[in-house]
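The values are calculated or read from the model by the stated rules, or taken from the named source; none is laboratory data. Quantities reported herein were computed from a predicted structural model and do not represent experimental measurements. Glycine also receives a Cβ, built like all others from the backbone with ideal geometry; neighbour counts cover every protein chain displayed. Surface accessibility is based on the protein's heavy atoms, side chains included, excluding ligands, DNA and RNA. Shrake-Rupley method; radii C 1.70, N 1.55, O 1.52, S 1.80 Å.
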There are 2 protein chains.
Amino acid sequence: MVTTTEHRVTQAPVVGFGIFSTPNQLPRVGFRMGDRVFDLFEATSKAEFAEPSLNAFMAVGRDGWLETIDAILALRNSDAHWIAADDVTTHLPFEVADFIDFYSSLEHATNLGRLFRGETAPLGVNWRWMPIGYHGRAGSIQPSGVPVRRPWGHVLREQGRQPEFTPTEKLDFELELAYVVGASTVQAADPEAASDAHIFGLVLLNDWSARDIQQWEYQPLGPFLGKSFATSISSWVTPLCLLDGQRVPLTPQEPMPLRHLMTAEGWALDIELTVELNGYPISRTNARSLYWSPTQLVAHAMSNGSALRTGDILATGTISGRSPGTEGSMIELTGNGQTPIRVGDDARAFLEDGDEVRFTATAGRLSLGEVFARVLPAPPLRNCSTVVSRR
Amino acid sequence: MVTTTEHRVTQAPVVGFGIFSTPNQLPRVGFRMGDRVFDLFEATSKAEFAEPSLNAFMAVGRDGWLETIDAILALRNSDAHWIAADDVTTHLPFEVADFIDFYSSLEHATNLGRLFRGETAPLGVNWRWMPIGYHGRAGSIQPSGVPVRRPWGHVLREQGRQPEFTPTEKLDFELELAYVVGASTVQAADPEAASDAHIFGLVLLNDWSARDIQQWEYQPLGPFLGKSFATSISSWVTPLCLLDGQRVPLTPQEPMPLRHLMTAEGWALDIELTVELNGYPISRTNARSLYWSPTQLVAHAMSNGSALRTGDILATGTISGRSPGTEGSMIELTGNGQTPIRVGDDARAFLEDGDEVRFTATAGRLSLGEVFARVLPAPPLRNCSTVVSRR
């Protein structure tokens, strides 16, 4: 199996907060800029930076985030408290509270509707009226670098036959961005600008999917075990306030959204996204094409009175563009496996054991943290069946 | 609005662990038996009982739970460390990790399928093959007693018209039990008896639902804002090991489940359930009629490799029986509002502002903690629209 990463695209420096450790020291908060990590606890002795998650720091709110970033940037030319990025181990950057996964790319929703439900009206009648979304499994979220094991599940191979319990044959990735909630609803200083007040930063997210399990189970309550086995996120959370320069006008929405989704000045983020499989770029797209804005996702999630908590994440759903080679999942790139794509000297319909998937994202002069993982073979059946009671 | 509770049914004593506080003392772990609460921290000085959640105690595993219960029961005739239940304030008993909601009542799934998707094949083709489920919003779970505010949401009042953003007109309850995960996957002593090893106890759960919001949004990713505004649970968690005497054979399953769901001796729990609206019983049913067993719910949730964490809850989904008056939701009791039911001198199609809903559960000689909440009117629109950015 090819596992080279030599074709990796050149990246602007990675910038973001994360949790890191060094030999003989406990995990703590750091700020990465390119090939260095700033040790915030060593530099400030503040308790929130001695934590093994960003949650305490994220909860302080926007003023505290801006102050901290300004202080770090003022010290960017110093050597004190900066550690070589190669010398640190990264960890899950924050404790995930609730994980909402939206479906906010018009192209992805159209492509999936066609593949799952046939050609007639692939886009649901509700789709253009509000951001469609659902809750994913927070406990399965893992940081970049941790491998993903091919899951077992119920699969119906052929209409009219019996389903089987078998390892998935349609393992897929989904290219997504996720907005990380810092300040909870109660702590937000300015409820009139909710996305700025609540969103601490962004990560790349790989919503690993088993398409055959998903297809058989998702009616009527939505995706469950076809998604919940693993979700990978970046180890570094890039602050939203460092992406002000990447705001671009939102694509006009038709029909005009109902009142709680109306925004005076809708914005999207100009972030270039690349998917590499075994070192070969197989998809390039841009987050600016997303139909629903970050502000609308936050507004919709709160529209029924739900509170946001520190550590909630709101993911965009798969980001796909309009032209071939801009799709954010294998099922779209290969037409549900019917037209495999070239990957170096190999071909792929879906992911195979040993495959390595890497997402990278460039936002102007900086990059988000990458999301990388290798696919491991399915475990032996014993690991799945031993949970059955033999009383 | 009638708010009398004088028709309340007579109950066996409530037994369970919970978090309580008394004036000038911090919330801590207690064990309720009938009209008294045992102060575990005062009696033992153990750190896990000084916590404001049961999670630390739940994580110790089955041997620790049994030992603690035995110690308390040995002191049941003493006066030391027992406080009158009327003198304590209760709190959310544990921090919820992930919230899985299943759909394990054959009668409920059939009724809902008929109401949401018409008479033809109301039960999905996948339903008898595996427990259908999805993830709910953990952050919206609240303890018994906290009121529920009528949510706003997108609703399509008539086919072919535009949707509206409006307070729900179809506010409903769902009568459920939920299994609370104590020992995480890693800590489980005996993976061959997963439900006994992992499940710490049971709570009653009210999965509040806005049927009009749910109906318009749920395709294709399942319920989202029609459910995520609030979910109520008992303040006391009844240990599973105290319900051994209530185990009854599971209803035979046809077709025979696939391997990971096969159980040598399937069991259900004989628990009598009552729903009261404004003090009048409107539904009585029994959890023994559920199609899928607790063991199968746990096995299925773990079948794709997902780990269970302390504080995860696995809910049964609405529990409905076969005969009229045994349905666990208003939408079933009233045929989607078409045939309102009598509630004392009133009639109800769905819930109205000021209504009080109470679930009680008797399991042989003991009761689970009740779940009670009052419905508050929808907030003014400002509270919903102020999250929109006006940059």
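Each other copy places its own label point for residue B:379 at 4.2 nm from this one, sorted shortest first, where the point lies 7 Å along the Cα-to-beta carbon line. A simple rule links phi to the HN-Hα coupling: the Karplus curve 6.51 cos²θ - 1.76 cosθ + 1.60 with θ = phi - 60°, which for region A:20-26 gives 9, 9, 10, x, 6, 10, 6 Hz, with x for Gly and Pro. Which of these, A:226, A:160, A:113, has the largest mean-square fluctuation under a Gaussian network model of chain A (Cα springs below 10 Å)? Per the Cα network of chain A with a 10 Å cutoff, A:160 tops the list.
Using a cutoff of 8 angstrom between alpha carbon atoms and counting only pairs six or more residues apart, the relative contact order for chain B works out to 23 percent.
When a/c reaches 1.5 or more, the comparison of a/b and b/c decides; with that in mind, is region B:135-291 rounded, prolate or oblate per its Cα gyration tensor?
Numbers: a/c = 1.95, a/b = 1.71, b/c = 1.14.
It is prolate, given that a/c is not under 1.5 and a/b is the larger ratio.
With point charges of +1 on the Cβ of Lys and Arg and -1 on the Cβ of Asp and Glu, referenced to the Cα centre of region B:118-274, which listed residue (B:248, B:216, B:271) lies farthest in the positive direction of the dipole? My answer, from the dipole projection, is B:216. Each residue of region A:205-214 was assigned a 3J(HN,Hα) from its phi angle through the Karplus expression (A = 6.51, B = -1.76, C = 1.60, θ = phi - 60°), giving 9, 10, 8, 3, 9, 10, 5, 6, 5, 4 Hz with x at Gly and Pro. Each other copy places its own label point for residue B:262 at 6.1 nm from this one, sorted shortest first, where the point lies 7 Å along the Cα-to-beta carbon line.
Placing unit charges on the Cβ atoms only, positive for Lys and Arg and negative for Asp and Glu, gives chain B a dipole magnitude near 960 debye about its Cα centre.
If B:51, A:176 are ordered by their accessible area, calculated over protein heavy atoms with a 1.4 Å probe, which sequence runs from highest to lowest?
Details: B:51 80, A:176 0 Å².
So the residues, ranked largest to smallest area, are B:51, A:176.
Average partner chain C-beta neighbours within 10 Å, per residue of B:146-154?
Values: counts 0, 0, 1, 2, 2, 4, 5, 6, 9.
The per-residue average across the peptide is 3.
Overall, region A:118-270 carries a charge dipole of about 500 debye about its Cα centre when +1 sits on the Cβ of Lys and Arg and -1 on the Cβ of Asp and Glu, all other atoms neutral. GNM remark for chain B: springs join alpha carbons under 10 Å apart, and the peak mean-square fluctuation among B:11, B:214, B:25 falls on B:25.
Residue B:129 contributes about 40 Å² of solvent-accessible surface, heavy atoms of the protein only, 1.4 Å probe. Reducing region A:226-292 and region B:362-377 to their Cα centroids gives an inter-centroid distance of 44 Å. Taking a Cβ cut-off of under 10 Å around residue A:157, the surrounding Lys, Arg, Asp and Glu residues balance to a net charge of -3, with basic ones at +1 and acidic ones at -1.
Take the alpha carbon gyration tensor of region A:289-391, find the square roots of its eigenvalues, order them as a ≥ b ≥ c, and report rounded if a/c is under 1.5; if not, report prolate when a/b exceeds b/c, else oblate. Since a/c reaches 1.5 but b/c is at least a/b, the shape of region A:289-391 is classed as oblate. Of B:372, B:31, B:116, the residue with the greatest mean-square motion in the GNM of chain B, using alpha carbon springs below 10 Å, is B:116.
Give me the dipole magnitude in Debye, nearest 20, for the protein assembly as shown about the Cα centre, with unit charges on the beta carbon: positive for Lys and Arg, negative for Asp and Glu. Kindly include the intermediate steps, with their values, before the conclusion.
On the way: 64 positive and 90 negative charges, 220 e Å.
Here the size comes out at about 1060 debye.
Distance from the A-onto-B rotation axis is smallest for the Cβ of the chain A residue given, in whole Å, as A:222, 1. Ligands, DNA and RNA aside, residue A:297 has an accessible area near 0 Å² when probed at 1.4 Å. Ordering B:281, B:199, A:16 by the projection of their Cα atoms onto the charge dipole of the protein assembly as shown, which places +1 on the Cβ of Lys and Arg and -1 on the Cβ of Asp and Glu, puts B:281 at the extreme positive end.
Restricting to Cα atoms and excluding each atom paired with itself, what does the Kirkwood estimate give for the protein assembly as shown in Å? The partial results should precede the final answer.
Working: mean 1/r = 0.0369 Å⁻¹.
It works out to 27.1 Å.
Applying the Karplus relation 6.51 cos²θ - 1.76 cosθ + 1.60 with θ = phi - 60° to region A:373-379 yields 3J(HN,Hα) values of 7, 9, 8, 9, x, 4, x Hz, where x marks Gly and Pro.
Counting from the shortest, the label point at residue A:166, 7 Å from Cα toward Cβ, is 4.9 nm from the same position in each remaining copy. For chain B, adding -39500 (n - 2.57) for each run of n ≥ 4 DSSP H residues and dividing by the number of residues yields -4000 deg cm²/dmol at 222 nm.
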